[in-house]
Amino acid sequence: AFLGILDLKTGHLDYCNAGHNAPLMIDSKGNVSAVDVVPNLPLGLFGGFPYEGQETKLDRQMMLYMFTDGVNEAENNDKKLFGDERLTALLKLNASLEPNEIINETFAQIKLHADGAEQSDDITVMCLKYC
(Lines give C-alpha, C1' and ligand atoms only; values in the text may rest on other atoms or scores of the structure.)
Protein backbone atom coordinates (compact mmCIF):
# COMPACT_ATOMS: atom_id res chain seq x y z
CA ALA A 1 0.00 0.00 0.00
CA PHE A 2 0.99 3.61 -0.51
CA LEU A 3 -0.81 6.38 1.35
CA GLY A 4 -0.21 10.04 0.66
CA ILE A 5 -1.75 13.35 1.64
CA LEU A 6 -0.97 16.20 -0.76
CA ASP A 7 -1.43 19.80 0.34
CA LEU A 8 -2.90 21.37 -2.79
CA LYS A 9 -1.72 24.87 -1.79
CA THR A 10 1.93 24.08 -1.10
CA GLY A 11 2.70 20.79 -2.87
CA HIS A 12 3.80 19.23 0.43
CA LEU A 13 3.26 15.46 0.36
CA ASP A 14 3.11 13.40 3.56
CA TYR A 15 3.26 9.72 2.72
CA CYS A 16 3.91 6.23 3.93
CA ASN A 17 4.91 3.29 1.78
CA ALA A 18 4.02 -0.21 2.95
CA GLY A 19 5.83 -2.66 0.69
CA HIS A 20 4.68 -0.99 -2.52
CA ASN A 21 6.79 0.00 -5.52
CA ALA A 22 8.24 3.46 -5.02
CA PRO A 23 6.08 5.99 -6.88
CA LEU A 24 7.79 7.92 -9.64
CA MET A 25 7.93 11.70 -9.98
CA ILE A 26 7.90 13.25 -13.42
CA ASP A 27 8.97 16.90 -13.53
CA SER A 28 7.98 19.47 -16.15
CA LYS A 29 11.21 18.79 -18.10
CA GLY A 30 10.49 15.07 -18.37
CA ASN A 31 12.95 13.92 -15.72
CA VAL A 32 11.78 10.79 -13.92
CA SER A 33 12.91 9.87 -10.42
CA ALA A 34 11.75 7.47 -7.75
CA VAL A 35 10.23 8.84 -4.57
CA ASP A 36 12.45 7.98 -1.62
CA VAL A 37 10.69 5.23 0.35
CA VAL A 38 11.54 3.61 3.66
CA PRO A 39 11.42 -0.19 3.34
CA ASN A 40 8.33 -0.66 5.50
CA LEU A 41 6.68 -4.09 5.50
CA PRO A 42 3.62 -4.75 3.33
CA LEU A 43 0.36 -4.19 5.17
CA GLY A 44 -1.08 -7.15 7.06
CA LEU A 45 2.05 -9.29 7.41
CA PHE A 46 2.62 -8.68 11.12
CA GLY A 47 0.72 -6.79 13.77
CA GLY A 48 2.34 -3.88 15.58
CA PHE A 49 4.90 -2.97 12.92
CA PRO A 50 5.91 0.72 13.40
CA TYR A 51 5.37 2.19 9.93
CA GLU A 52 7.56 5.20 9.23
CA GLY A 53 6.09 8.14 7.34
CA GLN A 54 8.00 10.48 5.08
CA GLU A 55 7.51 13.76 3.30
CA THR A 56 8.54 15.50 0.11
CA LYS A 57 7.46 18.47 -1.97
CA LEU A 58 6.02 18.48 -5.46
CA ASP A 59 6.69 21.45 -7.69
CA ARG A 60 3.97 22.88 -9.91
CA GLN A 61 3.34 20.78 -13.04
CA MET A 62 5.08 17.78 -11.45
CA MET A 63 3.33 14.42 -11.72
CA LEU A 64 3.24 11.57 -9.26
CA TYR A 65 2.94 8.13 -10.90
CA MET A 66 1.93 5.23 -8.65
CA PHE A 67 1.74 1.65 -9.88
CA THR A 68 1.49 -1.95 -8.74
CA ASP A 69 4.18 -4.48 -9.56
CA GLY A 70 1.93 -5.90 -12.27
CA VAL A 71 3.16 -3.00 -14.43
CA ASN A 72 6.93 -3.51 -14.32
CA GLU A 73 6.55 -7.29 -13.91
CA ALA A 74 4.18 -7.76 -16.86
CA GLU A 75 5.54 -10.63 -18.95
CA ASN A 76 5.48 -11.52 -22.61
CA ASN A 77 5.36 -15.08 -23.96
CA ASP A 78 9.13 -15.41 -23.47
CA LYS A 79 8.72 -14.48 -19.78
CA LYS A 80 10.58 -11.20 -20.36
CA LEU A 81 9.46 -8.49 -17.95
CA PHE A 82 8.20 -5.06 -19.00
CA GLY A 83 10.77 -3.75 -16.53
CA ASP A 84 11.64 -0.57 -14.70
CA GLU A 85 13.84 0.80 -17.49
CA ARG A 86 11.07 0.46 -20.08
CA LEU A 87 8.60 2.11 -17.69
CA THR A 88 10.97 5.02 -17.01
CA ALA A 89 11.59 5.48 -20.74
CA LEU A 90 7.83 5.45 -21.39
CA LEU A 91 7.27 8.17 -18.78
CA LYS A 92 10.12 10.33 -20.09
CA LEU A 93 8.80 10.05 -23.65
CA ASN A 94 5.26 10.94 -22.59
CA ALA A 95 5.98 13.53 -19.88
CA SER A 96 4.19 16.27 -21.81
CA LEU A 97 0.91 14.32 -21.79
CA GLU A 98 -1.85 14.66 -19.22
CA PRO A 99 -2.09 11.99 -16.49
CA ASN A 100 -5.00 10.12 -18.09
CA GLU A 101 -3.08 9.96 -21.38
CA ILE A 102 0.02 8.63 -19.60
CA ILE A 103 -2.10 5.93 -17.97
CA ASN A 104 -3.65 5.00 -21.33
CA GLU A 105 -0.18 4.85 -22.92
CA THR A 106 1.08 2.66 -20.07
CA PHE A 107 -1.68 0.11 -20.68
CA ALA A 108 -1.15 0.25 -24.44
CA GLN A 109 2.60 -0.40 -24.10
CA ILE A 110 2.08 -3.23 -21.61
CA LYS A 111 -0.40 -4.85 -24.02
CA LEU A 112 2.09 -4.43 -26.87
CA HIS A 113 4.89 -5.92 -24.76
CA ALA A 114 2.74 -8.85 -23.56
CA ASP A 115 1.91 -9.74 -27.17
CA GLY A 116 -1.01 -11.93 -26.16
CA ALA A 117 0.58 -13.47 -23.06
CA GLU A 118 -1.87 -14.06 -20.23
CA GLN A 119 -1.84 -11.38 -17.55
CA SER A 120 -0.32 -12.87 -14.39
CA ASP A 121 -0.87 -10.06 -11.88
CA ASP A 122 -3.07 -7.05 -11.29
CA ILE A 123 -2.09 -3.93 -13.22
CA THR A 124 -3.07 -0.76 -11.43
CA VAL A 125 -1.85 2.77 -12.19
CA MET A 126 -2.64 6.16 -10.73
CA CYS A 127 -1.09 9.36 -12.01
CA LEU A 128 -1.74 12.84 -10.69
CA LYS A 129 -0.46 16.26 -11.69
CA TYR A 130 0.14 19.03 -9.18
CA CYS A 131 -1.02 22.25 -10.83
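The values are calculated or read from the model by the stated rules, or taken from the named source; none is laboratory data. Quantities reported herein were computed from a predicted structural model and do not represent experimental measurements. Glycine also receives a Cβ, built like all others from the backbone with ideal geometry; neighbour counts cover every protein chain displayed. For the accessible areas, the whole protein counts, side chains as well, though only heavy atoms, and no ligand, DNA or RNA atoms are used. Shrake-Rupley method; radii C 1.70, N 1.55, O 1.52, S 1.80 Å.
Looking only at segment 91-122, residues that are assigned to a loop (DSSP other than H, G, I, E, B), under 15 Å from the mean Cα position of the chain (by Cα) and either surrounded by 14 or more Cβ atoms within 10 Å (Cβ to Cβ) or of a type in the set (S, T, N, Q) (or both) come to 2 in all. Of the strands (runs of 3 or more DSSP E) lying entirely inside segment 1-56, those containing at least 1 residues that are closer than 15 Å to Asp69 by Cβ and free of Cβ contacts under 8 Å to residues at least 24 places away in the same chain span 32-34. Of all residues in segment 44-71, those satisfying the criterion of being of a type in the set (A, V, I, L, M, F, W, C), farther than 24 Å from Lys9 by Cβ and under 18 Å from the mean Cα position of the chain (by Cα) are Phe67, Val71. Reported count of residues in segment 72-90, each being open to solvent by 60 Å² or more (accessible area, probe 1.4 Å) and within 14 Å of the chain's Cα centre (by Cα), is 4.
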